[in-house]
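One structure is given here, and the rest of the page talks about it.
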Amino acid sequence: AFAAAVGAPTLAALRALPAAALLRATDPAARPRFVTYPDIDGYFLTEAPAATFARGAQAQVPLLVGSNSAEGAFDSLLGGAAPTPENYRAALERRFGARDALRAAALYPGRTPDEVRRSAGDLAGDLFIAHSTWRWMDLARRTSRAPVYFYYFDRARPAKRHPAPGEKPDTGAVHSGEIEYALGNLGGNHVYAWTRADEAVSGTMEGYFARFIITGDPNGPGLVHWPAATPAQGGVRRLTIGVDTRPTIDRGAARQAFLTRYFADHDSPP
């Protein structure tokens, strides 16, 4: 469909397309769009990755995976509307339909504007990437013989050195906001006014990631112990990484179970 839309019906014609034409054709507003979930081609992927992990057929190697505290923004779910309970209910109905909107509201409550901001942000983050990351972790910990290490990164980047008028710092760790911390190169990004606290968080995260890459276990001297993702206190053990790095318990299973069922019922990718 894409080849037909750009007038290049053969592989040779596609390869001959100018870069500018490809960029125009892959604009998010263009149709048809490329899918953003795995293509079960029968060669590289013979089944959905979730099915592979569910039966324990994945590579039996340690896994380190996690997400950030502000993967999504509340206004993306509300479509720019004010964060009122009424607007939130309407947004849930648009996204899930009347019946599932009630279930979503019980798990992501929005009785006050502050609660709407928090829950709509959590839901937007789950729909974007946190849910699929959680499912990956959960399937792996259930079926893998190797340990799984789960993290929650909550250090928001500091204020910008030269913010635009009225621009405020992030209120949480946005999507991709952990990259400079994990790679230990805060100094290479001159947009933000990094602090000693940021440097400390970066050193901690870099230490965990380096140890995991070298040994398959993120734990090492000078680092708070990171337990594997195993059941505990009605949830799953994880490590919250930030100024106060500490072991915590993820208790989001009910929310994630709702989204898993919803995506399965609507034949949608997680």
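A short reminder: the numbers here are calculations on the coordinates, not readings from a lab. All figures in this text were calculated on a predicted structure; none of them were measured in a lab. Ideal geometry is used to build each Cβ from the backbone, glycine not excepted, and the neighbour counts take in all protein chains shown.
Some observations on this one:
- Amide H contacts of residue 151 (H built 1.01 Å from N, in plane; Pro and chain starts excluded): 65, 66, 67, 239 sit under 5 Å, all sequence-distant by 5 or more or on other chains.
- Share, in percent, of DSSP beta bridges within the chain that are antiparallel, nearest 5: 45
- Per-residue HN-Hα couplings for region 245-258 [Karplus 6.51, -1.76, 1.60; θ = phi - 60°; Hz; x = Gly/Pro]: 6, 6, x, 9, 10, 8, 10, x, 4, 5, 4, 5, 5, 4
- Here the Karplus curve 6.51 cos²θ - 1.76 cosθ + 1.60, taken at θ = phi - 60°, turns the phi angles of region 184-193 into couplings of x, 10, 4, x, x, 10, 8, 6, 9, 8 Hz, with x standing for Gly and Pro.
- Two-site label geometry, residue 214 and residue 261: point separation in nm, points 7 Å out along Cα→Cβ: 4.7
- In order along region 129-140, phi translates into HN-Hα couplings of 8, 5, 5, 5, 5, 4, 4, 4, 4, 5, 5, 5 Hz, rounded to whole numbers, per the Karplus curve 6.51 cos²θ - 1.76 cosθ + 1.60 with θ = phi - 60° and x for Gly and Pro.
- Both numbers refer to the Cα atoms of the chain; Rg and Dmax are 21.0, 59 Å.
- Spin-label pair residue 3/residue 179, simplified geometry with 7 Å Cα→Cβ offset, distance in nm: 3.2
- In terms of its Cα atoms, region 1-103 spans 54, 41, 27 Å along the principal axes, sorted from long to short.
- When only Cα pairs below 8 angstrom with a gap of at least 6 residues are kept, the chain shows a relative contact order of 17 percent.
- Cβ-derived FRET efficiency at R0 51 Å, residue 161 paired with residue 54, nearest 0.05: 0.60
- Global geometry of region 153-270, whether rounded, prolate or oblate, following the gyration tensor of its Cα atoms and the 1.5 cut on a/c: oblate
- Spin-label model distance (nm) - residue 190 vs residue 41, 7 Å beyond Cα toward Cβ: 4.2
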